[in-house]
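K.L.:
Have a look at this one before I ask anything.
All of the numbers you see were taken from the coordinates with simple rules; none came from a lab. The structure displayed is predicted, hence computed values, not measured ones. No Cβ is skipped: glycine too gets one built from the backbone with ideal geometry, and neighbour counts run over all protein chains shown.
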Amino acid sequence: MLSMYRRCLAFSLLSLFAGMSVQAQDDPPRAITPIAGDLYRFQNRFHYSVFLVTAQGIIVTDPIDAGAAQWLKAELGRRFPGKTIRYLIYSHSHADHIAGGEVFADSATVVAHERAKARIVEDKVPTAAPQITFTQRMSIELGGKTVELYYLGRNHSDNLIVMRFPAERVLFVVDLVAPKRLPFRDFPDGHLDEWIGTLKMIEGMDFDILAPGHAGLGNKADIAEHRRYLELLRERVKSEMDAGKPLEEIKRSVKMSEYESWGAYRDWLEPNVEGMYRYLRARGTN
Ligand SMILES: [Zn+2]
């Protein structure tokens, strides 16, 4: 009787999850959750950005896409009536994070790295073009609150910035690290030695909470773990290349079993190996 009940329960839970995933495809799950102080996290399915509410208005970051941005704009109007969206800051030029910026551009000044602007224009990314750009560091103050923007060199792309909220002790980092999850596929657009160098720089920055563009909130230990993953991957792929093995064999032989519990291990290990192989081959392995 009990086991029958368990089977029924398991079945109804399965049906529930199956139903949820069908619904999720039609209607992306969107959410707003507090991080610290007046800094919040905005989720659109598997993408995340952050926004800061101040006495003089709101600073938003990656719009993600037009539908997500419209939803967020309506929510901000409802939750924080009378507050104008004053700034929109892009993390980098990739369309999956910054499409739909035009939704905020009626009131917001759009800010990005100088090269992000060039790539947005060149690649015709469907978003509002940045109006203010910078090359190394920039600080934006609004209503007594601050966000600091840092360019740390080439890494996941050549125009990615990280955003530090000093009072909230939060760092918003997109696509350089996803806590307890493998890096995305084969590192498209990536510069892997410099990526590892960037993570070391981030380890030296002053913050407590890591707010990534994908996956759950983390901390500095997640940055160090991710850096270690990339270093080990580089070491293992390189030693197979030095032994003269072809890519197909390297894809089978390189394992990262210490990270088996991380998300996407089964799906993205091979693309990770292949991306590292192509990077090292283009760079020269010595
Ligand atoms: Zn990206």
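K.L.:
Counting other beta carbons within 10 Å of each Cβ, put 209, 59 in order, fewest first.
P.N.:
By the 10 Å Cβ count, ascending, the order reads 209, 59.
K.L.:
Oh, and also: Find the centroid of the Cα atoms in the range 217-270 and in the range 35-75, then give the distance between the two in whole Å.
P.N.:
The range 217-270 and the range 35-75 have Cα centres separated by 33 Å.
K.L.:
Once the Cα gyration tensor of the range 172-223 is diagonalised, what are the square roots of 5 times its eigenvalues, in whole Å and ordered largest first, as equivalent ellipsoid semi-axes?
P.N.:
In descending order, the three semi-axes are 18, 14, 8 Å.
K.L.:
For the range 44-101, give the share of DSSP beta bridges that are antiparallel, in percent and rounded to the nearest 5; count only bridges with both residues there.
P.N.:
In the range 44-101, approximately 55 percent of DSSP beta bridges are antiparallel ones.
K.L.:
Per the helix-only calculation at 222 nm, which mean residue ellipticity applies to the chain, given -39500 (n - 2.57) for every DSSP H run of n ≥ 4 and division by its residues, nearest 500 deg cm²/dmol?
P.N.:
Helix contribution divided over all residues of the chain: -13000 deg cm²/dmol.
K.L.:
So what's the net charge close to residue 139: Lys and Arg +1, Asp and Glu -1, counting the other residues with Cβ under 10 Å from its Cβ?
P.N.:
Within the 10 Å Cβ shell, the charges total 0.
K.L.:
Sticking with this one: Pull up all non-local amide H partners of residue 145: gap of 5 or more, or a different chain, and H-to-H distance under 5 Å with H placed in the peptide plane.
P.N.:
none
K.L.:
Roughly how many nanometres apart are two label points built 7 Å out from the Cα toward the Cβ at residue 278 and residue 43?
P.N.:
Going from the residue 278 label point to the residue 43 one covers 3.1 nm.
K.L.:
Moving to a separate point now. Taking N as the number of residues in the range 100-217, what is its Cα Rg relative to 2.2 N^0.38 Å?
P.N.:
1.09
K.L.:
For the range 124-259, what is the charge dipole size about the Cα centre, in debye to the nearest 20, if Lys and Arg each add +1 at the Cβ and Asp and Glu each add -1 at the Cβ?
P.N.:
200 debye
K.L.:
Here is a further query. Tell me the volume per residue, in Å³, of the convex hull enclosing the alpha carbons of the range 138-183.
P.N.:
It is 76 Å³ per residue.
K.L.:
To continue, here is another question. Could you work out Rg/(2.2 N^0.38 Å) for the chain, with Rg from alpha carbons only?
P.N.:
Against the compact-globule rule of thumb, the ratio is 1.10.
K.L.:
Which value results when the Cα radius of gyration for the range 231-286 is divided by 2.2 N^0.38 Å?
P.N.:
Against the compact-globule rule of thumb, the ratio is 1.07.
K.L.:
Work out how much length residue 257 to residue 200 would gain on full extension: take 0.36 nm times their residue separation and subtract the Cα-Cα distance, in nm to one decimal.
P.N.:
Gain on stretching residue 257 to residue 200: 18.2 nm.
K.L.:
Any chance you could run the full-extension gain for residue 95 through residue 224? It's 0.36 nm times the residue separation minus the Cα-Cα distance, nm to one decimal.
P.N.:
Difference between extended and current length: 43.7 nm.
K.L.:
What is the distance in Å between the Cα centres of the range 76-100 and the range 121-196?
P.N.:
So the separation of the two Cα centres works out to 15 Å.
K.L.:
Sticking with the crude label model, points 7 Å out along Cα→Cβ, report the distance from residue 265 to residue 74 in nm, one decimal please.
P.N.:
4.1 nm
K.L.:
Right, here's the next one. Using the Karplus curve 6.51 cos²θ - 1.76 cosθ + 1.60 with θ = phi - 60°, work out ³J(HN,Hα) for each residue of the range 172-181 in order, rounded to whole Hz, and write x for Gly and Pro.
P.N.:
9, 10, 9, 6, 8, 7, 10, x, 6, 9
K.L.:
Now for a different question. Which value, in debye to the nearest 20, gives the size of the charge dipole of the chain about its Cα centre, when Lys and Arg are +1 and Asp and Glu are -1 at the Cβ?
P.N.:
It works out to roughly 420 debye.
K.L.:
Right, next: In whole Hz, with x marking every Gly and Pro, tabulate ³J(HN,Hα) for the range 213-226 from phi via Karplus 6.51 cos²θ - 1.76 cosθ + 1.60, θ = phi - 60°.
P.N.:
x, 9, 6, x, 4, x, 8, 5, 4, 5, 5, 5, 5, 5
K.L.:
So, one more: Taking the number of other C-beta atoms within 10 Å as the exposure measure, put 220, 200, 145 in order starting with the fewest.
P.N.:
Ascending Cβ contact count within 10 Å gives the list 200, 220, 145.
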